[in-house]
Amino acid sequence: MRKILVAGCLLFASFPVAAAEAMHVEASLIASGASPARDAPLWVGLKMRHQAGWHTYWKNPGDAGMPTRIDWTLPAGWSASGIEWPAPARIQLGPLASYGYEGDLVLPVKLIPPSGWDAKSPVRISAKANWLVCKEICIPEGGNFTLSLPARVSEPDRKLFDAWRERVPVSFRFTKATAERNAGRLVVTLEPAGSGQFFPEREELVEPGDPPQVTITGKRATWSAKLGVQGKTLAATAMISGVWVPESGKPLFVQAKLR
C-alpha cells in the first residue's frame, strides 16, 4: 500500500486522492525523431514539464507516491511496450524520500507496428496518462493525448528524448553482484563499480527516507540502506533487482541473489 501526502497529511491509498485545481505538469506525446526501418519498432514518449519544486514518480515511488501510467489506444495491429523507465533521482522531503523526476522529462515507450507497415504511412495514436505530482502535497493529474505519425520533431524535443533514453538502464554482467541482510540493513555489493546509487525495484525493500551509505573499495561498491517491511520478510534466496546509477555513464540493471 503506497503512502501519499495530501494537504500536508500522510495517507495510505492505492487510488487518486484529490482533485487537481491547477496543472503542475505540462504534458504531451512526442516522437523520437528517428524514422524507423520497415517493420522496426517506433519510439514515442510522454514529455512531462514539471513546475519548479514539483516531481512525479519512478515505478518504485519510494516512501510516497504513485508511478505514472499510460494507457494506449492504437490502430489495429499495433502494440506498445510498458514505459521504459529512465533511472530516477532520490528526492528528500523531510524524513521521507521518493524516487522520481523533476524538470523536463520524457518517459519512452516502444510502439510495435504491424508487419509490412510503411514508416511514411500516416497513422494516429492516442494515450490516456495519469500521474501523481507532489511538492509539500500531492495532486493527481492526467490528460488525453494524440500524436500523428510520421511526426515533426523539434530539435530541442529530439535532444530531450535522446537524453532520457540514455537514462534507461542497460544489462551489464557484474563480476560480483550480491545482496545480504546485515545488522538491520540491506547490503548490495557490486564489482566493477564506482561511486553511485542503487534504486530497488521492489517497494518497501528498504526505508527510502533513511539516507543510504556507499563505500568504494578499489573497483567494488558497497551500498546499504535500512531494511523496510518487505526486506525483513523476503525469503533467503529471493532475487534483488534494481538499477545502479553511477556518477557518470549509463545506468545498469542489477540482479543480485539474497544470501
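This table checks each residue for (1) within 22 Å of the chain's Cα centre (by Cα); (2) modelled with pLDDT under 65.
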| site | (1), (2) |
| --- | --- |
| PHE12 | yes, yes |
| SER32 | yes, no |
| SER35 | no, no |
| LEU42 | yes, no |
| ARG49 | yes, no |
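Within the stretch 51-81, can you find the residues that are modelled with pLDDT under 95 and aromatic (Phe, Trp, Tyr)?
Correct list: TRP78 only.
Among the residues in the stretch 108-130, are any in contact (Cβ under 8 Å) with a residue 12 or more places away in the chain, over 26 Å from LYS219 (Cα atoms), in a strand (DSSP E or B) and touching a helix residue (DSSP H, G or I) at 6+ places or on another chain (Cβ under 7 Å)?
Looking for residues that are in contact (Cβ under 8 Å) with a residue 12 or more places away in the chain, over 26 Å from LYS219 (Cα atoms), in a strand (DSSP E or B) and touching a helix residue (DSSP H, G or I) at 6+ places or on another chain (Cβ under 7 Å), one finds at least one in the stretch 108-130, hence yes.
Pick from the stretch 206-233 the residues that are hydrophobic (A, V, I, L, M, F, W, C) and surrounded by fewer than 19 Cβ atoms within 10 Å (Cβ to Cβ): which of them is farthest from the chain's Cα centre (by Cα)?
Here the answer is ILE216.
So how many residues does the stretch 171-204 have that are free of Cβ contacts under 8 Å to residues at least 60 places away in the same chain, in a loop (DSSP other than H, G, I, E, B) and either on the phi < 0 side of the Ramachandran plot or among the aromatic types (Phe, Trp, Tyr) (or both)?
6
Let me confirm something: among LYS159, LYS135, which residue is free of Cβ contacts under 8 Å to residues at least 40 places away in the same chain, under 24 Å from the mean Cα position of the chain (by Cα) and surrounded by fewer than 16 Cβ atoms within 10 Å (Cβ to Cβ)? Write out each step before concluding.
Numbers: LYS135 fails: free of Cβ contacts under 8 Å to residues at least 40 places away in the same chain.
Residue meeting the stated conditions: LYS159.
If only one of GLY142, GLY116 is over 28 Å from VAL245 (Cα atoms), surrounded by 13 or more Cβ atoms within 10 Å (Cβ to Cβ) and of a type outside the set (A, V, I, L, M, F, W, C), which one is it?
GLY142
Can you find even one residue in the stretch 112-125 that is closer than 13 Å to ALA27 by Cβ, assigned by TED's automatic domain parsing to the domain that holds TRP54 and in contact with a Ser or Thr (Cβ under 9 Å, 6 or more places away or on another chain)? Steps first, answer last, please.
Going through the stretch 112-125, the residues closer than 13 Å to ALA27 by Cβ turn out to be none.
Looking for residues that are closer than 13 Å to ALA27 by Cβ, assigned by TED's automatic domain parsing to the domain that holds TRP54 and in contact with a Ser or Thr (Cβ under 9 Å, 6 or more places away or on another chain), one finds none in the stretch 112-125, hence no.
Here is a list: GLY77, GLY65. Which entry is surrounded by fewer than 17 Cβ atoms within 10 Å (Cβ to Cβ) and part of a loop (DSSP other than H, G, I, E, B)? Quick ask: steps written out before the conclusion?
Numbers: GLY65 fails: surrounded by fewer than 17 Cβ atoms within 10 Å (Cβ to Cβ).
On inspection, the qualifying residue turns out to be GLY77.
Can you name the residue in the stretch 87-96 that is touching a residue at least 24 places away in the same chain (Cβ under 8 Å) and under 22 Å from PHE253 (Cα atoms) and, of all such residues, is surrounded by the fewest Cβ atoms within 10 Å (Cβ to Cβ)?
Going through the qualifying residues, I end up with ARG90.
How about the stretch 180-235: which of its residues are among the polar types (S, T, N, Q) and farther than 23 Å from GLY65 by Cα?
Going residue by residue through the stretch 180-235, those that are among the polar types (S, T, N, Q) are 182, 189, 195, 197, 213, 215, 217, 222, 224, 230, 233.
Once the filter is applied, which keeps residues that are among the polar types (S, T, N, Q) and farther than 23 Å from GLY65 by Cα, the stretch 180-235 yields ASN182, THR189, SER195, GLN213, THR215, THR217, THR222.
Would you check which residues across the stretch 87-107 are at pLDDT 95 or above and part of a strand (DSSP E or B) and list them?
Scanning the stretch 87-107 gives ALA89, ARG90, ILE91, ALA97, SER98, TYR99, GLY100, TYR101, ASP104, LEU105, VAL106, LEU107.
Of the conditions (1) at pLDDT 95 or above; (2) not in a loop (DSSP other than H, G, I, E, B), SER148 satisfies every one except a single condition; which number is it?
(1)
GLU84: modelled with pLDDT of 95 or more, exposed (fewer than 15 other Cβ atoms within 10 Å of the Cβ) and under 19 Å from the mean Cα position of the chain (by Cα), yes or no?
The answer is no for GLU84.
Could we say that GLU141 is under 25 Å from PRO251 (Cβ atoms) and modelled with pLDDT of 95 or more here?
Here the answer is no, as GLU141 does not meet what is asked.
The values are calculated or read from the model by the stated rules, or taken from the named source; none is laboratory data. None of these values were measured; they are calculated from a predicted model. Positions of Cβ are generated from backbone atoms using ideal geometry, with glycine treated the same way; all protein chains shown enter the neighbour counts.
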